[in-house]
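Participant: After the structure tokens below, expect a handful of questions from me.
The values are calculated or read from the model by the stated rules, or taken from the named source; none is laboratory data. The structure presented is a predicted model; accordingly, all values stated were derived computationally and were not measured. Positions of Cβ are generated from backbone atoms using ideal geometry, with glycine treated the same way; all protein chains shown enter the neighbour counts. Just so you know, the surface numbers come from the protein's heavy atoms only, side chains and all, with ligands and any DNA or RNA stripped out. Shrake-Rupley method; radii C 1.70, N 1.55, O 1.52, S 1.80 Å.
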Amino acid sequence: VPVLSVLVALPAHSRLPALLTYTHTEVLAAGTLVRVPLGSREVLGVVWQEDAQAPEAGAGKLKAISSVLHGLPALPATWRKLVAFSARYYQRSLGEVALAALPPQLRDWSPEQLARKLKKLAKPRPPQVEDESKKESCPGSISGLKPVKDTEKTLNTAQAQACKAIAAAQSAAGSQPILLFGRTGSGKTEVYMQAAAATLAASPTAQVLVLVPEINLTPQLLAQFGQRFAHLGTSAVVSMHSAMTLAERSTACLAAHNGQARIILGTRLAIFASLPDLRLIVVDEEHDASYKAQDGARHSGRDLAVYRAKLESERLQERQNPGSCAVVLGSATPSLESWQAAQTGRYQLCELPERIGSGQLAPVRLVDMRLQPKGTVISTYLLAAIQTRIARGEQSLLLLNRRGYAPVLSCGSCGWKSACGHCSAFQVFHKSDRSLRCHHCGAAQGVPRACPECGNLDIAPVGSGTEKHEEEICTL
């Protein structure tokens, strides 16, 4: 009887080994999903080893695999290598990372339930008809989009050079990550879409993974890609993020795993999606801190994207298929580590210095308040700009990073300041209720009538906050 090593979700502090052994009537391929008994429960597991182990003396005491999830291709070797690296590098258990990357519903499905789901996915989906009565569309598909044909736009010189660099990286045996440094409005998204189009045209099974930092950015990008690649079908472009329902996430993950989804858009959790023929990875706004997971199995989606591109390139070379999986890191304000890697030659730098359509950035004027008359809250330049907007019937938005009336109260005689007695911050003066509040620890008290140290009655606010600005603007 073959003895197989199966990976199940176990916490890092568990006394059980990372891989548990079970028996089965036949040898199963590595990456096969199975259901196995674990104590009094039956859980989802992944066959991890390539070959079955030889029966041991105590093999008769081993439990048998309960069922095999047939109809679902085995998880690819690159996916298993990515999970193993993540668990080792970020100090998490192997099963915790692997099983968390799979769709939540898949952990509870029986083989019969999975078969019904796969049968439903195999049915051709009718074209989506826009319903004006529905104001919101499904967050995991391209339904609800207006049937507007999005044609490819003419690239400028810098965009064309960036596309050529991505194509060259895909055709080379070993390529570097590409840092696409383009100012806001320079057309980075068009570069992504044309690079994706070229990737999909080169191979009928190629897939593209596009990562965005925030869920709110997914619908807009999904609409753009959905309209550009509508000819591939309604299931060719899918999204993956935590705001989707469990059913939507399962549908998207299975479509990507089966190869039906050619373009996958998602947040950092999409980096663990099972993709059998990944050829291009795009990390938009690569500098954003949202790519770093701070709960559960902590990881950096951007760094794992670079590592996964290396694994996928090795896969292509093992198949004697010339080429690599290119990874593009796009940003208008690159992170310091990516910029340093580009300056030292580890990354290839592609710049988009011009905005599309000859657009100009808004003018910025820096006003030194030390040169303004003493006690000025609103500078003369800002006051003139607000008055001009009011005369035009327009609105103005003022942003200030100080709450309350003044950041601190101070005594002019002894230098006392309203320091918080519970932490190292200062208590902010709120004129509306004449209180001192610490915005760090929450401590609050009334305003003293005199200086607590010297008894001076002349204690005055120093600096200005939103309350003082509101008061000044209302007076003006």
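Participant: If you roll a 1.4 angstrom probe over the protein chains with everything in place, what fraction of the accessible area of the chain belongs to carbon and sulfur, to the nearest %?
Facilitator: Working: 13590 of 25870 Å².
The nonpolar share, carbon plus sulfur, comes to 53 percent.
Participant: Still on this structure, I have one more. Once amide H atoms are built 1.01 Å from N in the peptide plane, which residues 5 or more positions from residue 419, or in another chain, come under 5 Å H to H?
Facilitator: Answer set, sorted by chain and number: 427.
Participant: Could you tell me what fraction of 2.2 N^0.38 Å the Cα radius of gyration of segment 213-286 comes to, as a two-decimal ratio? Kindly include the intermediate steps, with their values, before the conclusion.
Facilitator: Numbers: Rg = 11.4 Å, N = 74, 2.2 N^0.38 = 11.3 Å.
The reported ratio for this selection is 1.01.
Participant: Compute, for residue 274, the solvent-accessible surface of its heavy atoms (probe 1.4 Å) with the complete set of protein chains present, and express it in square angstrom to the nearest 10.
Facilitator: Approximately 10 Å² of residue 274 is accessible to the 1.4 Å probe.
Participant: Okay, next question. Where only protein heavy atoms count, and the probe is 1.4 Å, what is the accessible area per residue for the chain in Å²? Walk me through the intermediate numbers first.
Facilitator: On the way: 25870 Å² over 476 residues.
Spelled out: the 1.4 Å probe surface of the chain, per residue, equals 54 Å².
Participant: Another one. Cα centroids of segment 387-460 and segment 239-304: how far apart, whole angstrom?
Facilitator: Segment 387-460 and segment 239-304 have Cα centres spaced 45 Å from each other.
Participant: Based on the mean of other beta carbon atoms within 10 Å per residue, what is the order of 255-267, 404-416, 344-356, most packed first?
Facilitator: Working: 255-267: 22.5, 404-416: 17.7, 344-356: 15.9.
Averaged packing, sorted descending, gives the order 255-267, 404-416, 344-356.
Participant: Continuing with this model, one more query. Sorted by mean Cβ packing within 10 Å, highest first, what order do the peptides 388-396, 112-120 take? Walk me through the intermediate numbers first.
Facilitator: On the way: 388-396: 9.4, 112-120: 13.8.
Ranking, from highest mean packing down: 112-120, 388-396.
Participant: Now for a different question. Only one of the values (1) 28.0, 92; (2) 25.1, 106; (3) 29.2, 91 was calculated from this structure for Rg and Dmax of the Cα atoms in Å; name its label.
Facilitator: After the calculation, the listed value that fits is (3).
Participant: Of all DSSP beta bridges in the chain, what percent run antiparallel (nearest 5)?
Facilitator: Numbers: 30 of 58 bridges.
Looking only at bridges with both residues in the chain, the antiparallel portion is about 50 percent.
Participant: 222 nm [θ] for the chain, helices only, -39500 (n - 2.57) per DSSP H run of 4+, per residue, to 500?
Facilitator: On the way: 11 runs with 134 residues, N = 476.
-9000 deg cm²/dmol, from helical runs alone.
Participant: Tilt of helix 188-202 relative to the longest C-alpha principal axis of the chain, in degrees (0 to 90, nearest 10)?
Facilitator: Orientation of helix 188-202: about 10 degrees from the principal axis.
Participant: Hey, if we sort 240, 369 by accessible area with the 1.4 Å probe, largest down, what's the order? Mind dumping the intermediate values first?
Facilitator: Details: 240 5, 369 85 Å².
Ranked from most to least accessible, the order is 369, 240.
Participant: What list of ³J(HN,Hα) couplings, whole Hz, do you get for segment 398-414 from phi and the Karplus terms 6.51, -1.76, 1.60, once you set θ to phi - 60° and write x for glycine and proline?
Facilitator: In residue order, the calculated couplings are 10, 10, 9, 9, 10, 8, x, 8, 8, x, 7, 9, 9, 9, x, 8, 9 Hz.
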